[in-house]
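Scroll down for the structure; my scribbles are underneath it.
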Amino acid sequence: MSDAVKIHPAVDNGIAPAQAGFEGGTLTCHCATDQVTVEVGAQVAYNHVCGCTKCWKPDGSLFSQVAVVGRDKIRVTANGDKLKVVDSAATIQRHACEVCGVHLYGRIENDQHAFYGLDFVHTELSKEQGWAPPEFAAFVSSIIESGARPENMGAVRARLNDIGLPPYDVLSPPLMDAISTHIAKQRGVLKD
């Protein structure tokens with residue numbers, strides 16, 4: 001069925017496995033000259049395709065592909081003056097190239113947030129091979145908000161399952177558990 005449904009260029013033709021010992025690489029915007037480059041100094045975690053309307057998506061993609069890495073592992077190495085925060089009111093401050101529009105990284109500045117200390121990156125912006133592969137699909141229903149047809153959602157979910165990305169309308173269970181654990185600890189409901 002669902003080979004006709006295009007999810008994201010990085011997963012449509014199969015998902016490459018992580019490379020043992022992989023320690024990061026360089027993300028590059030899509031500008032022809034004076035590219036913004038960001039060094040990522042570690043392997044990523046929780047890589048996934050995301051259907052939300054905030055994440056940057058390549059042209060023609062239903063989903064973005066996004067992963068997390070420690071914020072101390074991110075370093076802008078060229079043309080950082082071209083980076084601007086897309087929406088300063090958003091939880092994730094997405095730093096995008098103001099010329100080509102590509103999001104290079106997203107950062108949570110609220111130190112009370114469960115994911116504070118993690119930056120969000122798009123590994124398909126790297127030429128290096130070996131990044132941790134996507135593991136699931138998040139915010140699947142949200143692609144409707146970007147213009148996907150509701151009557152095609154069954155085919156989209158079937159395609160996600162076919163390529164090994166279980167679809168969720170939130171985050172994966174381990175990430176939802178992490179959020180709830182963080183909140184419970186903040187409220188004193190759960191002690192270490």
Legend entry - Options 191, 185: the member that is in contact with a Lys or Arg (Cβ under 9 Å, 6 or more places away or on another chain), in a helix (DSSP H, G or I), open to solvent by 70 Å² or more (accessible area, probe 1.4 Å) and at negative phi: 185
Inset, instruction - Can you confirm whether region 98-118 contains a residue that is under 16 Å from residue 45 (Cα atoms), open to solvent by less than 30 Å² (accessible area, probe 1.4 Å), part of a strand (DSSP E or B) and in contact with a helix residue (DSSP H, G or I) (Cβ under 8 Å, 6 or more places away or on another chain)? - result: no
Inset, instruction - Name the strands (runs of 3 or more DSSP E) wholly inside region 1-89 in which the number of residues that are open to solvent by 20 Å² or more (accessible area, probe 1.4 Å), touching a residue at least 12 places away in the same chain (Cβ under 8 Å) and in contact with a Ser or Thr (Cβ under 8 Å, 6 or more places away or on another chain) is 3 or more. - result: 74-78
Legend entry - Search result, residues across region 99-109 that are touching an Asp or Glu at 6+ places or on another chain (Cβ under 9 Å) and more than 17 Å from residue 65 (Cβ to Cβ): 99, 107, 108
Inset, instruction - Those residues that are exposed (fewer than 15 other Cβ atoms within 10 Å of the Cβ), over 18 Å from the mean Cα position of the chain (by Cα) and assigned to a loop (DSSP other than H, G, I, E, B), I need them from region 144-165; list them, please. - result: 147, 149
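Here's a check for you: in region 40-67, which residue that is of a type in the set (A, V, I, L, M) and within 17 Å of residue 13 (Cβ to Cβ) is modelled with the highest pLDDT? Please lay out each step first, then the result.
The first filter runs over region 40-67 and keeps only residues of a type in the set (A, V, I, L, M), leaving 40, 42, 44-45, 49, 62, 66-67.
Next cut, within 17 Å of residue 13 (Cβ to Cβ) only: 49, 62.
Details: 49: 97, 62: 94.
Filtering first and then ranking leaves 49.
The values are calculated or read from the model by the stated rules, or taken from the named source; none is laboratory data. Treat the numbers as computed from the prediction; the structure is a model and nothing was measured. Cβ atoms come from the backbone with ideal geometry, glycine included; neighbour counts cover every protein chain shown. Just the protein is used for accessible areas: all its heavy atoms, side chains included, with ligands, DNA and RNA removed. Shrake-Rupley method; radii C 1.70, N 1.55, O 1.52, S 1.80 Å.
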